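The values are calculated or read from the model by the stated rules, or taken from the named source; none is laboratory data. From a predicted model like this one, the values you see are computed outputs, not experimental measurements. Heads up, the Cβs are rebuilt from the backbone with ideal geometry, glycines too, and the neighbour counts pull from every protein chain shown.
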Amino acid sequence: MTEPDNTVEELMTAPVETVSPDATLAAAARTLNAKGIGSLVVGEDRLDGIITESDVVAAVGEELDPSTPVSALMTDPVVTIRRTETLRAAAERMGHNGVKKLPVVEDGAAIGIITTTDLALHLPNFQVNMAHQAEPDIVDGEWE
């Protein structure tokens, strides 16, 4: 049974799906749909940002050109976590920063990802309180 003090590495999805910063909005949407996932890490060798389904939906709502590069839509800096940190730390970081996906990083590269869905499925009795917006003292996110 998974416990809040288990490590992120035990629950993360790896490898993480990535996309180049110059990939188009349309290509990112197709990848999200084809893989049945909610986010793509931007940057293959180094974490440059993250783009989520919500970002794609917002872009469509704003009627952005489908050829818009992902780099124009991605979130940067990205809130991240190390694989040796606990699931409790991941949940707290997500809650404090109002994010649902945490890339797991090592040496500046994303090696996996953990989501609120992962936590909900494996820690059903552990409550994650989500902030409506990031805490004011966390202007650049939290990362390695």
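Details
- Among the conditions (1) in a loop (DSSP other than H, G, I, E, B); (2) modelled with pLDDT of 95 or more; (3) touching an Asp or Glu at 6+ places or on another chain (Cβ under 8 Å); (4) not charged (D, E, K, R), the only one that residue 67 does not satisfy is (3).
- Tabulated pairs, the stretch 41-60, first under 15 Å from residue 27 (Cα atoms), second part of a strand (DSSP E or B) and polar (S, T, N, Q), C-beta under 6 angstrom, 6+ apart or interchain: 41/18; 50/39; 50/75; 52/39
- In the stretch 38-64, the residues that are under 16 Å from residue 111 (Cα atoms), of a type outside the set (Asp, Glu) and part of a loop (DSSP other than H, G, I, E, B): 43, 46, 47
- For residue 56: the one exception among (1) of a type outside the set (Lys, Arg); (2) surrounded by fewer than 16 Cβ atoms within 10 Å (Cβ to Cβ); (3) modelled with pLDDT of 95 or more: (2)
- Tallying residues that are surrounded by 16 or more Cβ atoms within 10 Å (Cβ to Cβ) and within 18 Å of residue 93 (Cα to Cα) within the stretch 10-39 yields 3.
- Only residues that are within 15 Å of the chain's Cα centre (by Cα) and acidic (Asp, Glu) were counted across the stretch 10-51, and they come to 3.
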